[in-house]
Amino acid sequence: MRTPSITRRGLGLGIAAAGLAGASQAVAASATPPVLTHVFDLTVEVGPAQELGEVGGGRRRVIPITGGSLIGPGLVGEILPGGADWQTIRPDGVTLLQARYTVRMRDGATIGIINTGVRRADADVVRRLTAGEDVDPSLYYFRATPVFEVGPGPYLWLTENLFVSAGARRPRRVELGVFKVA
């Protein structure tokens with residue numbers, strides 16, 4: 001009996017996929033795993049949320065950034081007022097975040113930060129966070145990937161590496177630990 005061509009094609013795709021999976025595992029095994037190194041902490045002071053309503057599949061809010069600090073080994077800066085965090089709170093408990101703000105370093109250099117992230121929690125925790133309550137950070141997931149805009153000088157290394165951050169949302173501020181991915 002002859003095997004239908006769709007079955008042979010499906011079998012061929014299965015064998016090809018198995019081969020790719022094996023090759024993928026070989027590459028992963030030979031690559032050096034990333035290492036995270038803490039570089040600084042951000043304390044981002046925020047104002048009251050501006051509610052925009054239902055937009056793009058979720059509740060849209062803009063959170064003004066009013067100040068704050070950047071502190072790490074050999075690094076000190078002040079977060080300048082004027083930035084904002086644009087949030088979309090989806091019905092499934094995921095909040096998509098994109099914050100843009102500026103830091104003036106102690107030596108006068110200015111650094112732009114674009115921090116895109118995800119905060120995920122159950123419905124009760126989302127309600128409490130949105131209401132401005134102080135919620136234990138172990139009850140939600142809050143991660144982001146900051147990208148830095150820097151001119152020539154001592155902070156150029158911020159544009160030459162990848163970074164991740166882990167966050168906590170407090171009633172009037174956001175706390176972020178920033179880590180370089182090596």
For residue 158, which of the numbered conditions (1) touching a residue at least 60 places away in the same chain (Cβ under 8 Å); (2) more than 25 Å from residue 57 (Cβ to Cβ); (3) buried (at least 17 other Cβ atoms within 10 Å of the Cβ); (4) not charged (D, E, K, R) fails to hold? (1)
Find the residue count for the range 103-125, including only residues that are touching a residue at least 40 places away in the same chain (Cβ under 8 Å) and either touching a helix residue (DSSP H, G or I) at 6+ places or on another chain (Cβ under 8 Å) or basic (Lys, Arg) (or both). 2
Please specify each residue of the range 126-169 satisfying the condition of being β-branched (Val, Ile, Thr) and either touching a helix residue (DSSP H, G or I) at 6+ places or on another chain (Cβ under 9 Å) or under 20 Å from residue 48 (Cα atoms) (or both). 126, 130, 135, 147, 150
Give the residues of the range 91-125 that are in contact with a Leu (Cβ under 8 Å, 6 or more places away or on another chain), under 20 Å from residue 65 (Cα atoms) and small (Gly, Ala, Ser), sorted by residue number. 117
Hey, any hits in the range 115-137 for a residue that's loosely packed, with under 14 Cβ neighbours inside 10 Å, hydrophobic (A, V, I, L, M, F, W, C) and farther than 19 Å from residue 61 by Cα? no
Got at least one residue in the range 54-66 being out of contact with any helix residue (DSSP H, G or I) (no Cβ under 6 Å at 6 or more places or on another chain) and under 29 Å from residue 160 (Cβ atoms)? yes
Residues being of a type outside the set (A, V, I, L, M, F, W, C) and either under 17 Å from residue 165 (Cα atoms) or within 19 Å of the chain's Cα centre (by Cα) (or both): count how many of those fall in the range 81-121. 18
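Each reported figure results from applying straightforward, stated rules to the coordinates on display, with no laboratory input. From a predicted model like this one, the values you see are computed outputs, not experimental measurements. Counting neighbours? That spans all protein chains shown, and the Cβs are built from the backbone with ideal geometry, glycine included.
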